[in-house]
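To start, the structure itself, in structure tokens.
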Amino acid sequence: MNTKTFELSNPATGVKTGLPVRSGTIGPDVIDIGSITKDHGVFTFDPAFGVTASCESKITYIDGDKGILLYRGYPVEQLAAKSSFMEVAYLLLHGELPNESQLQGFVTSISRHTMINESLLRFFNGFHHNAHPMAMVSAVVGSMSAFYHDSMDINNPRHREIFSHRIIAKIPTIAAAAHKHAQGQPFIYPRNDLDYCSNMLNMFFAVPCEPYRVDPVAAQALDLLFILHADHEQNASTSTVRLAGSTGANPYSAISAGVSALWGPAHGGANEAVLSMLEQIGSVDNIPKYLAMAKDKNSHFKLMGFGHRVYKNFDPRAKIIREMCYKVLEKLGRADNPLFELALRLEEIALKDEYFVARKLYPNVDFYSGIIYSALNIPRSMFTVMFAIARTVGWVSHWLEMIGDPSMRIGRPRQLYTGPTLRDYTAIDKRG
Ligand code: ACO
């Protein structure tokens with residue numbers, strides 16, 4: 001039983017309340033402020049949710065000061081070294097690592113849902129060839145709610161399970177269709193004899209006129225990147241999925257909202273922005289000029305791939321990805337990659353700079369991921385789509401956790417109103 005309380009006293013009214021303090025299994029305690037409006041007549045103010053726990057969750061834990069990331073208690077470093085994306089997906093969805101038959105059953109179910117409805121495929125013809133793939137993916141994922149509306153009862157656990165397998169299976173197919181549309185190439189159907197990442201690469205790069213063999217190095221690299229991107233607790237896109245889903249909306253629409261939220265350069269769009277930035281910087285000699293711009297409050301330039309709301313120490317995913325960058329570039333025979341060299345120098349110089357040191361700004365997961373995607377021949381506009389494919393597992397896990405909680409309520413923040421006070425309507429001829 002919880003006995004800790006946080007005393008809040010309002011000198012104006014003399015009212016004192018003992019707010020319950022709730023403890024998680026690890027991490028800081030939280031103050032349950034549920035009664036303060038009733039007892040004190042005030043709301044709390046926390047723009048951008050810097051210090052607010054929006055929900056209780058058992059999925060992912062981050063310690064931003066120590067650079068720790070755990071999926072269901074397992075360190076991401078161990079999962080990256082020993083696991084596979086499909087196993088991690090099962091873990092995030094179900095809470096435990098699968099045994100062999102559970103994993104087999106899960107993988108089979110995912111591979112049986114990879115095809116998309118032919119009508120859905122025709123949606124892509126409505127987009128210009130140069131439409132951004134994130135716009136196409138968000139639209140097509142959202143439109144899945146039109147295909148699976150009557151068969152989706154969010155209160156039915158079996159329907160929820162089918163939804164989760166269906167979206168995890170189909171999002172690579174949708175992503176590949178967006179890529180092929182942009183390339184002007186025919187769509188390549190999924191192959192269920194291939195593993196998740198090999199199938200994705202095949203749908204991306206195969207063409208009907210010649211055989212294509214998936215490079216196992218590329219498939220392995222992608223699998224690792226997907227593990228690292230699979231979940232990150234209540235980030236902007238996951239919170240968007242939860243908020244949209246809390247209304248009882250069709251979950252495909254909620255996932256589509258998550259894709260849209262991920263697209264921004266402050267979030268998943270950073271991987272695309274990092275590569276553009278590195279190209280813009282061009283050479284090591286230009287680094288000081290761009291660092292000065294990043295520090296200048298009058299400039300809109302930020303060092304993309306640097307900084308994080310939660311990590312105030314190294315992002316553990318960035319460490320793994322940097323190591324992986326060396327290995328992948330070497331294995332693919334592209335060890336002398338000028339952008340990677342530039343990124344390493346930029347990191348080295350920024351980490352010694354007083355501005356970045358004082359603000360605890362370190363490379364985040366996206367600082368190096370784009371370099372690997374480029375080495376795999378994935379076009380830059382597809383980088384954030386790759387992130388979305390991996391993060392779909394996290395979004396679905398959070399949606400399932402939220403919908404399965406009988407105490408779930410619609411998400412509804414409050415505000416501090418600073419607009420005009422009550423005034424009377426003025427007829428148009430009387431306005432100045
Ligand atoms: N370059 C230069 N200055 C920065 C950067 C950066 N990349 N990031 C933060 N700062 C500065 C801020 O200007 C602020 O300075 P001040 O205290 O002098 O005003 C200080 O560091 C604190 O930063 P905030 O903006 O308050 O941090 P916040 O938590 O709001 O933002 C964010 C975090 C959005 C990630 C930010 O660091 C950023 O824009 N980084 C670049 C984009 C990026 O890489 N995003 C990917 C994040 S990881 C992910 O979503 C997968």
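The values are calculated or read from the model by the stated rules, or taken from the named source; none is laboratory data. Quantities reported herein were computed from a predicted structural model and do not represent experimental measurements. Don't worry about glycine lacking a Cβ; one is built from the backbone with ideal geometry, like all the others, and counts go over all protein chains shown. Just the protein is used for accessible areas: all its heavy atoms, side chains included, with ligands, DNA and RNA removed. Shrake-Rupley method; radii C 1.70, N 1.55, O 1.52, S 1.80 Å.
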The residue that is farthest from the ligand (Cβ to nearest atom), considering only those in region 235-286 that are farther than 27 Å from Ala146 by Cα, part of a helix (DSSP H, G or I) and among the small types (Gly, Ala, Ser), is Ser276
Within region 375-422, of all residues that are assigned to a helix (DSSP H, G or I) and open to solvent by 10 Å² or more (accessible area, probe 1.4 Å), the one farthest from Tyr326 (Cα to Cα) is Ile403
Considering every residue within region 54-70, establish whether at least one is on the phi > 0 side of the Ramachandran plot, small (Gly, Ala, Ser) and without any contact (Cβ under 8 Å) to a residue 40 or more places away in the chain. no
Screening Met136, Met144 for residues that are in contact (Cβ under 8 Å) with a residue 60 or more places away in the chain, touching a Phe, Trp or Tyr at 6+ places or on another chain (Cβ under 8 Å) and surrounded by 14 or more Cβ atoms within 10 Å (Cβ to Cβ) leaves only Met144
The number of residues in region 287-301 that are near the ligand (Cβ under 10 Å from one of its atoms), of a type in the set (D, E, K, R) and part of a helix (DSSP H, G or I) is 1
| message | Criterion first (in contact (Cβ under 8 Å) with a residue 12 or more places away in the chain, within 22 Å of the chain's Cα centre (by Cα) and part of a helix (DSSP H, G or I)) does Leu97 satisfy it? | response | no
Cβ pairs under 9 Å, 6+ apart or interchain, first in region 355-374 and over 19 Å from Val385 (Cβ atoms) and assigned to a helix (DSSP H, G or I), second near the ligand (Cβ under 7 Å from one of its atoms) and open to solvent by less than 20 Å² (accessible area, probe 1.4 Å), ordered by first then second residue, are Tyr355/Ala294; Phe356/Ala294; Phe356/Leu303; Phe356/Gly307
Pro98 passes all but one of the listed conditions (1) closer than 16 Å to Gly394 by Cβ; (2) surrounded by 16 or more Cβ atoms within 10 Å (Cβ to Cβ); (3) of a type outside the set (Gly, Ala, Ser); the exception is number (1)
- Determine if region 200-216 includes at least one residue that is in a loop (DSSP other than H, G, I, E, B), of a type in the set (Val, Ile, Thr) and in contact with a Lys or Arg (Cβ under 9 Å, 6 or more places away or on another chain). no
The number of residues in region 274-293 that are within 27 Å of Val310 (Cβ to Cβ), in contact (Cβ under 8 Å) with a residue 40 or more places away in the chain and among the aliphatic types (A, V, I, L, M) is 6
